[in-house]
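J.: Below you will find the structure I want to go over with you.
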Amino acid sequence: MQNAKGPRVQTPSSLGEMRRIIAGFSLTVAVSSIAELGIADHLAEGPKTAAALAALTGANEDFLRRVLRYLASEGVFEERDGDIFALTERSVWLRSDVPGSLRPRAIFAGSQLNWTAWGFLPQSIRAGTSGIQLAFNESLFEYLKTHPDAAAIFNRFMAQQTAASVEALLNSYDFRGIREIVDVGGGHGALVAGILKAHPEMRGILFDLPEVIATARTFLDRIGVSDRCKLVGGSFFSEVPAGSDLYVLKFILHDWPDDECKQILNNCQKAMARDGTLLIVEHVLPEGKGPDFARFMDVNMLVLTAGGRERTRQEFADLLNAAELQLKRLLFTPIGLRVLECGSSA
């Protein structure tokens, strides 16, 4: 029952639901802790007792049992008679060996870096400053440069994200006929390497800051595409390699405010061949008001970046128009990412 001022009746069910939402942080940290211990990998061999799992992981048996019971009550694991625990359809995703494993994401979610930055959300909302800047007085990438343990956790998470997005992109976009692809801000090359491996006739350019791509050659050698992939160091705020027919920006624009995004897009537009294509791989905020993972990601970028955000289709179109680009198609992928196919409007 509602009036003009909103709900008037407080029900037991709504109380329980709100308490569950408030306690949601505990699930995040519990799953992260179990993921870090590799519990799902040990259970892949079959159900095990809490004592056996504690022995395998060096954990405290009593504490581990209590956390597993809690997670089992939430459907993450299955608790059986005899103090035995088993995987469920949910916890299978915490195994290291499954395609699209969520283990690196879970470990990062409970890491000190992420947890501390999110802890500053109240101050962030008031100040309009990212949580990570308030927590550490520096950007995410500045912090990672001087904290190798945090960087290792973050890089494993990013590598897993890229591996999943490569498969999704290959399943959603037709790369046939592409002569040369430029992975703009491509890090260590996982995206361009995956595409080149699937398309032996294609050549690639991996473009990122010189210190980022310095170690990429070893990875490209291991994948077997180094003879077809050129490494170019530089900043996408200055210029990007010119003359290729396909440019890709994956998880780049959501790191930056609008003005910086326009600069990146403008440099891509100038570099593209006349009939070239730009692919933007990002989450896209839905126009409606329902739940969507992109909404979490939008707040996540608020916490972890200085001005980054997720955007709606129209907001992307506005950025593209400002750089003399136009959105041609919006493609869906099986993992919720969107592929925006863009061309020059000049």
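J.: Residues to consider are Glu74, Glu78; find the one that is within 25 Å of Phe157 (Cβ to Cβ) and either loosely packed, with under 14 Cβ neighbours inside 10 Å or among the charged types (D, E, K, R) (or both). If you could, list the steps in order and put the result at the bottom.
T.: Details: Glu78 fails: within 25 Å of Phe157 (Cβ to Cβ).
Just one listed residue meets the conditions, Glu74.
J.: Right, next: Considering region 172-181 alone, what residues qualify as being in contact (Cβ under 8 Å) with a residue 60 or more places away in the chain, part of a loop (DSSP other than H, G, I, E, B) and either in contact with a Gly (Cβ under 8 Å, 6 or more places away or on another chain) or of a type outside the set (A, V, I, L, M, F, W, C) (or both)? Before the answer, list the steps.
T.: Going through region 172-181, the residues in contact (Cβ under 8 Å) with a residue 60 or more places away in the chain turn out to be 172-173, 175, 178-181.
Applying the additional criterion that residues be part of a loop (DSSP other than H, G, I, E, B) yields 173, 175, 178-179.
Across region 172-181, the qualifying residues are Tyr173, Arg179.
J.: Taking the residues in region 81-92 that are open to solvent by less than 70 Å² (accessible area, probe 1.4 Å) and part of a loop (DSSP other than H, G, I, E, B) as candidates, determine which candidate is farthest from Ile21 (Cα to Cα).
T.: Among residues in region 81-92 that are open to solvent by less than 70 Å² (accessible area, probe 1.4 Å) and part of a loop (DSSP other than H, G, I, E, B), the one farthest from Ile21 (Cα to Cα) is Gly82.
Here's the yes/no breakdown for (1) exposed (fewer than 13 other Cβ atoms within 10 Å of the Cβ); (2) small (Gly, Ala, Ser); (3) more than 26 Å from Thr215 (Cβ to Cβ):
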{"site": "Gly58", "(1), (2), (3)": "yes, yes, yes"}
{"site": "Arg65", "(1), (2), (3)": "no, no, yes"}
{"site": "Leu94", "(1), (2), (3)": "no, no, yes"}
{"site": "Ser101", "(1), (2), (3)": "no, yes, no"}
{"site": "Asn137", "(1), (2), (3)": "yes, no, yes"}
{"site": "Ala150", "(1), (2), (3)": "no, yes, no"}
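J.: Take Val284 and tell me if it is open to solvent by 10 Å² or more (accessible area, probe 1.4 Å), of a type in the set (A, V, I, L, M, F, W, C), touching a Ser or Thr at 6+ places or on another chain (Cβ under 7 Å) and modelled with pLDDT of 95 or more.
T.: On the way: open to solvent by 10 Å² or more (accessible area, probe 1.4 Å): yes; of a type in the set (A, V, I, L, M, F, W, C): yes; touching a Ser or Thr at 6+ places or on another chain (Cβ under 7 Å): yes; modelled with pLDDT of 95 or more: yes.
Yes: the conditions hold for Val284.
J.: In region 303-338, which residues are part of a helix (DSSP H, G or I) and open to solvent by less than 70 Å² (accessible area, probe 1.4 Å)? Even if it seems obvious, please write down each step before you answer.
T.: Residues of region 303-338 that are part of a helix (DSSP H, G or I), as a first pass: 303-304, 313-322.
Hits for region 303-338 are Val303, Leu304, Phe316, Ala317, Leu319, Leu320, Ala322.
J.: So if I check each of Asp227, Asp174, Asp183, which one is acidic (Asp, Glu) and open to solvent by less than 50 Å² (accessible area, probe 1.4 Å)?
T.: Numbers: Asp227 fails: open to solvent by less than 50 Å² (accessible area, probe 1.4 Å); Asp174 fails: open to solvent by less than 50 Å² (accessible area, probe 1.4 Å).
Result of the check over Asp227, Asp174, Asp183: Asp183.
J.: Let me ask you something else. Quick check: is even one residue across region 36-50 in contact (Cβ under 8 Å) with a residue 24 or more places away in the chain, more than 18 Å from Ala106 (Cα to Cα) and open to solvent by 60 Å² or more (accessible area, probe 1.4 Å)?
T.: Yes, region 36-50 contains at least one residue that is in contact (Cβ under 8 Å) with a residue 24 or more places away in the chain, more than 18 Å from Ala106 (Cα to Cα) and open to solvent by 60 Å² or more (accessible area, probe 1.4 Å).
J.: Additional query: For region 15-35, which residues satisfy the criterion of being modelled with pLDDT under 95 and open to solvent by less than 50 Å² (accessible area, probe 1.4 Å)?
T.: Gly16, Ala23, Gly24
J.: Sticking with this structure for a sec: Do any strands (runs of 3 or more DSSP E) lying entirely in region 182-278 carry at least 1 residues that are among the basic types (Lys, Arg), in contact (Cβ under 8 Å) with a residue 12 or more places away in the chain and farther than 25 Å from Asn171 by Cβ, and which ones are they? Spell out the reasoning first.
T.: On the way: elements: 203-208, 229-233, 246-250.
So the answer is 229-233.
J.: Residue check: is Asp298 open to solvent by 30 Å² or more (accessible area, probe 1.4 Å), within 13 Å of the chain's Cα centre (by Cα) and modelled with pLDDT of 95 or more? Spell out the reasoning first.
T.: Values: open to solvent by 30 Å² or more (accessible area, probe 1.4 Å): yes; within 13 Å of the chain's Cα centre (by Cα): yes; modelled with pLDDT of 95 or more: yes.
Yes.
The values are calculated or read from the model by the stated rules, or taken from the named source; none is laboratory data. These numbers were taken from a predicted model, which means no experiment stands behind them. Heads up, the Cβs are rebuilt from the backbone with ideal geometry, glycines too, and the neighbour counts pull from every protein chain shown. With ligands, DNA and RNA removed, areas are computed over all heavy atoms of the protein, side chains included. Shrake-Rupley method; radii C 1.70, N 1.55, O 1.52, S 1.80 Å.
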